[in-house]
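Taking it in order: structure first as structure tokens, then the write-up.
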Amino acid sequence: EAEMLTRRGALEGIYCDPSGIMWLCTWHGLTKVNRQEQQFLSKEIPWLNNNLYNCVAGLADDPYDKDITWMRVTGTGIIKYRTSIGKVLNNFFYYYSGNQFKGKDKNSDWRWTQEFIKDEQNNLWTCTYGGLIKISKGQITQIPIKDLDGNFTYPFAIKQFTKGTIWWAAAKGIARINTADNSYTFFQDTSVKNDYELGDLEQLNDRSLLI
């Protein structure tokens, strides 16, 4: 089953919960992996099982409440989940009910997320087409990030290498974000006429990033 998930490109992320159980985040919900018994158990999530999306992209423990898990769902947004009772406490950037869209989609650029990271202040961060989402003590903050022309930057990678600073790679350039006050600087390659994708960031040395 694991081979099938990987071969089909359905594996979006891997999460290990406090009890040591591994969870595979896939386009078909979650797969529970019991490492001791080498047992796989897959199940779609009923409240995501619709005609549009059922892709769990990643999970993160809440730094302050051990019974809360934050879930990234591609095309749906961020979900706050109480694990002990299996209940969704809140849907952020959710915009349809069941299989029906409701009204104008105002959250289109905020529902497609790229990985969770946690900073030294126990804030959770993820990046979206529209900018950054910061989760601080259970509160969600949207931080729009735009290029020099005022357009969304469509990031593909988010990393933290030093305290107080987050870097991300996007179309047309990279951004440096101050985690304390949420301010940012966007370094744009103005010589490029067409968009291109900077897909990853790594630290090369104390003064350089590898893009």
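The values are calculated or read from the model by the stated rules, or taken from the named source; none is laboratory data. Computed from a predicted structure; not experimentally measured. All Cβ positions, glycine included, derive from the backbone under ideal geometry; neighbour counts span all protein chains shown. Side chains are part of the model used for accessible areas, which takes the heavy atoms of the whole protein and leaves out ligands, DNA and RNA. Shrake-Rupley method; radii C 1.70, N 1.55, O 1.52, S 1.80 Å.
Exactly one residue out of D189, D147 is touching a Phe, Trp or Tyr at 6+ places or on another chain (Cβ under 9 Å), in contact (Cβ under 8 Å) with a residue 40 or more places away in the chain, farther than 26 Å from N90 by Cβ and of a type outside the set (A, V, I, L, M, F, W, C): that is D147. Note on region 1-58: among residues that are modelled with pLDDT of 75 or more and among the hydroxyl-bearing types (S, T, Y), the one that is most open to solvent (accessible area, probe 1.4 Å) is S19. Scanning region 138-155 for residues that are farther than 21 Å from Y15 by Cβ and outside any strand (DSSP E or B) yields a count of 9. Of all the residues in region 76-90, those that are assigned to a loop (DSSP other than H, G, I, E, B) and in contact with a strand residue (DSSP E or B) (Cβ under 9 Å, 6 or more places away or on another chain) number 2. Among the numbered criteria (1) open to solvent by 20 Å² or more (accessible area, probe 1.4 Å); (2) part of a loop (DSSP other than H, G, I, E, B); (3) modelled with pLDDT under 90; (4) not basic (K, R), which single criterion is violated by Y64? Looking at each condition in turn, Y64 falls short on (3). Taking region 130-146, which residues are surrounded by fewer than 22 Cβ atoms within 10 Å (Cβ to Cβ) and within 11 Å of the chain's Cα centre (by Cα)? Correct list: K134 only. Has region 182-203 got any residue that is more than 19 Å from D109 (Cβ to Cβ), out of contact with any strand residue (DSSP E or B) (no Cβ under 8 Å at 6 or more places or on another chain), modelled with pLDDT of 85 or more and open to solvent by 60 Å² or more (accessible area, probe 1.4 Å)? Checking region 182-203: not a single residue is more than 19 Å from D109 (Cβ to Cβ), out of contact with any strand residue (DSSP E or B) (no Cβ under 8 Å at 6 or more places or on another chain), modelled with pLDDT of 85 or more and open to solvent by 60 Å² or more (accessible area, probe 1.4 Å). Of all residues in region 147-165, those that are touching a Ser or Thr at 6+ places or on another chain (Cβ under 6 Å) and surrounded by 15 or more Cβ atoms within 10 Å (Cβ to Cβ) total 1.
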